[in-house]
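Below is one structure, written out as structure tokens; comments come after it.
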Amino acid sequence: MPALTAADIAWHMRQYAAGLRHEWITPNALLYAWESDLLTVTPQGHVVEVEIKISRSDLAHDLLKPKHGQGMLMNGSFQTKTNGAGPTTAEALEMARQRAGATRCRRPNYFCFAMPCAVYRGLRTVRIPPYAGVYTVDEQGRVFEERRPIQLHTERIATQDLLALARKMHHRYWDQVRRARPEEEVRPLDPTEDTRGAD
């Protein structure tokens, strides 16, 4: 049987979250100062971030990111750029919030990793942060909660953030429709043209 891919794990985690009545299940979401592999919203309005890892080295690399190493997830600390690179668009938005007086960076209510069962069993030398939940997926697509995530804060997601997630899915859907269409020039609508048809 072929190894589980990141897309496989995302799909199974999507099914698992839907079974828990989570909504707004959004892949590759950019809501915080970093991109999230999967964001779900619980019935209570709390955000769960799922970071998908398909190998031990993939997980080890992720743990070096500022959201873990600089306390962004655990404490809500703002990121400190140390490599001299300019901020990404998402990082710049968080920096603007900080300059405007915000005392904590935006972050999910819960954070967890999802990975194949075989990867989790081989993690003897990789230390997963105590706040992070761990979910594993087997070859049959079954999801197991290995470790429950701790709640990082109690704020509910803002309506404007829900709308941002909806817009992302909206644009992604229409982009997929566009890519599936034959190569043709789409005629723009003429606002003066009567499209109601003859009576």
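The values are calculated or read from the model by the stated rules, or taken from the named source; none is laboratory data. Keep in mind that this is a model prediction, so the values were computed, not measured. Glycine also receives a Cβ, built like all others from the backbone with ideal geometry; neighbour counts cover every protein chain displayed.
See the values below:
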item	result
Hits in region 80-101 (condition: part of a loop (DSSP other than H, G, I, E, B) and either at pLDDT below 90 or under 20 Å from A29 (Cβ atoms) (or both))	T80, K81, T82, N83, G84, A85, G86, P87, T88
Residues located in region 107-153, provided they are closer than 28 Å to P2 by Cβ and among the β-branched types (V, I, T)	V119, T125, V126, I128, V134, T136, V137, V143
Candidate set: region 23-46, residues that are surrounded by 17 or more Cβ atoms within 10 Å (Cβ to Cβ) and under 21 Å from M95 (Cβ atoms); chosen: the one farthest from the chain's Cα centre (by Cα)	A33
Residue that is nearest to A33 (Cα to Cα) [pool: residues in region 125-160 that are in contact with a helix residue (DSSP H, G or I) (Cβ under 7 Å, 6 or more places away or on another chain) and part of a loop (DSSP other than H, G, I, E, B)]	L152
Looking only at region 95-122, and only at residues there that are under 17 Å from R148 (Cα atoms) and hydrophobic (A, V, I, L, M, F, W, C), the one that is surrounded by the fewest Cβ atoms within 10 Å (Cβ to Cβ)	C117
Members of region 104-131 found to be touching a residue at least 40 places away in the same chain (Cβ under 8 Å) and in contact with a strand residue (DSSP E or B) (Cβ under 7 Å, 6 or more places away or on another chain), listed by number	P108, N109, Y110, F111, C112, F113, A114, M115, P116, I128, Y131
Where I150 falls short, out of the listed (1) of a type in the set (V, I, T); (2) touching a residue at least 12 places away in the same chain (Cβ under 8 Å); (3) within 21 Å of D58 (Cα to Cα)	(3)
Matching residues in region 8-56 - criterion: being touching a strand residue (DSSP E or B) at 6+ places or on another chain (Cβ under 9 Å), of a type in the set (G, A, S), at pLDDT below 95 and farther than 25 Å from T125 by Cα	A29
Hey, A10 among the small types (G, A, S), in contact (Cβ under 8 Å) with a residue 24 or more places away in the chain and part of a helix (DSSP H, G or I) or not	yes
Single unsatisfied condition, L163 versus (1) modelled with pLDDT of 95 or more; (2) within 18 Å of L38 (Cα to Cα)	(1)
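Yes or no, residue by residue, for (1) touching a Cys at 6+ places or on another chain (Cβ under 6 Å); (2) on the phi > 0 side of the Ramachandran plot; (3) touching a residue at least 12 places away in the same chain (Cβ under 8 Å):
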| position | (1), (2), (3) |
| --- | --- |
| R21 | no, yes, yes |
| Y32 | no, no, yes |
| D37 | no, no, yes |
| T40 | no, no, yes |
| S57 | no, no, no |
| L64 | no, no, no |
